[in-house]
Amino acid sequence: MSLSRRQFLTTAAASTSAVVIMSQQFSSVNAQNVPNIAGFDETQTKFDETRPWEKYTDRKLRVGLVGYGVCKFSTQFGLQNHPNVEIVAVSDLIPERCQALARDARCAKTYPSLEEMLKDDSIEAIYLATDAPSHCRQAIETLKRGKHVAVAVPAVFGTLDEAQELYDTVKKSGLVYTMFETTAYRDSCYQMRQLYRAGAFGRMVYTEGEYYHYDLNGLGSYRDWRVGLPPMFYPTHSNGFYCCVTGGSFTEVSCMGMPSIMPRFQPENNAHKNPFGTEIALFRTSEGGMARMAVSWDTPHYGGEKGRCRGDFGTHENHWQAVGVGVEKSKNLNLLKPALPPGVEPGGHGGSHGYLGHDFVDSILRNRKPLVDVKMALDLSVSGIVAHQSALKDGELIKIPQFEAF
């Protein structure tokens, strides 16, 4: 029996017709003089007004914030506004930045370094918004001092040496580790994840993720870690359109790179010895499918984090379309994010910031896994390091280390 067009096509709107949709443009992202960085201005999002956050505890988690560089990421995830959080200390290596962070986080206590902050036994959890090369080492140190930790992306940087140590440290500690991957709570990715979990996609046959961030002069960075940055050292915003949807990983990769015309990408001009401004990876996924993931610094007038998923029973690119099983599995799904706690705004990168901050807090208070736990964080990050190795070898197919869920 053939399906009618109406049966064949389903959309998120059809499955949520009885739900109140709320979409609001929030203006606080640049309230702290954040530079005009791609993604920060993407505050448009939709959430379900009929699913308000419900208070379940009066406990306030005692949190420290570390790092207030170019992106001022410490205060971008709403932790200082969360009703179950008290920001008790902040830190940045540069005194002027440390004072600015203290002001914006409404916190009186400051420390000159993470190392000094870790001596404060009253702090239960720390968010590390520091330079990317330091994330893994600092997360390990924080966990070993008995504190929960959240980090900016990526989980590891440039080398696989510390990946297993991070995984083992989190597992041994029993503490919460999460990485604030913004793709995870973009409206599109949230919808894809709900559909996948419900079985509406079936197997994920093919996925595409794109992270294009053109910047002619380059953003400032601590010790110039961004200068000549290999695209696949910063792969999580594209890789999230598979890993954050399915919870799966990439098992092998062939990646091609294209040399950049920008001077900072000449190997002699950057510490990474990197020639590429664009890298495109073809991954084999853990369920046997394929994924094409792109990262580029070389494409003017086109940017953002975009993705699309194709499964056995349906496809999602801006909206959901399905056939057969996909229609049945998706018909009663609510594809809208729930509301956040009062005072916590969705923020930038597609309204993802507030959701990531809240997930960190909630996972600690409820003693549960965060969405982007250490396995997912490593799956998102390690695959990019191996992809860059492949690009340097003209697309050689290379196996990717795997990490088990626990």
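The values are calculated or read from the model by the stated rules, or taken from the named source; none is laboratory data. All of these numbers come straight from a predicted model, not from anything done at the bench. All Cβ positions, glycine included, derive from the backbone under ideal geometry; neighbour counts span all protein chains shown. Just so you know, the surface numbers come from the protein's heavy atoms only, side chains and all, with ligands and any DNA or RNA stripped out. Shrake-Rupley method; radii C 1.70, N 1.55, O 1.52, S 1.80 Å.
May I ask you to give the percent of accessible area on the chain that is carbon plus sulfur, with a probe radius of 1.4 Å?
Working: 8880 of 17200 Å².
Carbon and sulfur together cover 52 percent of it.
For the chain, what is the relative contact order in percent, using Cα pairs closer than 8 Å and at least 6 residues apart in sequence?
After rounding, I find 24 percent.
Provide, in order from the shortest bin, the percent of all Cα-Cα pairs of the stretch 221-353 in each 5 Å bin, continuing until the bin that contains the maximum pair distance.
2, 8, 14, 16, 16, 15, 12, 8, 5, 3, 1, 0
Name the residues of the stretch 242-281 whose amide N is less than 17 Å from a point 7 angstrom out from the Cα of residue 159 along the C-beta direction?
271-274
Using the alpha carbon gyration tensor of the stretch 83-156, what are the three equivalent-ellipsoid semi-axes (square root of 5 times each eigenvalue), largest first, in whole Å?
In descending order, the three semi-axes are 19, 15, 12 Å.
Tell me the relative contact order for the stretch 252-353 as a rounded percent, counting alpha carbon contacts under 8 Å between residues six or more apart.
14 percent
Taking the Cα-to-Cβ direction at residue 168 and at residue 301 and moving 7 Å from each Cα, how far apart do the two end points lie in nm?
Placing both labels 7 Å beyond Cα along the Cβ direction yields 5.2 nm.
With θ taken as phi - 60° and the coefficients 6.51, -1.76 and 1.60, list the Karplus ³J(HN,Hα) couplings across the stretch 185-201 in order, rounded to whole Hz; mark glycine and proline as x.
10, 5, 3, 5, 5, 4, 4, 4, 5, 5, 5, 5, 4, 7, x, 5, 6
Which value in deg cm²/dmol, rounded to the nearest 500, describes the helix-derived mean residue ellipticity at 222 nm for the chain, given -39,500 (n - 2.57) per DSSP H run of n ≥ 4 and division by the residue count?
For the chain, the value works out to -7500 deg cm²/dmol.
How many angstrom separate the Cα center of the stretch 154-232 from the Cα center of the stretch 60-102?
Rounded to whole Å, the Cα centres lie 22 Å apart.
Where the Cα atoms of the chain are projected onto their three principal axes, how long is each span, largest first, in whole Å?
That works out to 70, 54, 42 Å along the principal axes.
Give, as ranges by residue number, the residues of the stretch 314-334 whose backbone N falls under 18 Å from the point 7 Å along Cα→Cβ of residue 206.
Counting only backbone N, you get 314-323.
Given a Förster distance of 30 Å, report the FRET efficiency between residue 113 and residue 217 from their Cβ-Cβ distance, rounded to the nearest 0.05.
Efficiency, from the Cβ-Cβ distance: 0.50.
Fully extended, how many nm does the chain gain between residue 261 and residue 394 (0.36 nm per residue separation, minus their Cα-Cα distance)?
Here the answer is 46.0 nm.
Give the aspartates and glutamates reachable from residue 172 as a straight Cα distance under 20 Å; neighbours fewer than 8 places away on the same chain don't count.
Result set, ordered by chain and number: 121, 124, 141, 161, 162, 373, 379, 404.
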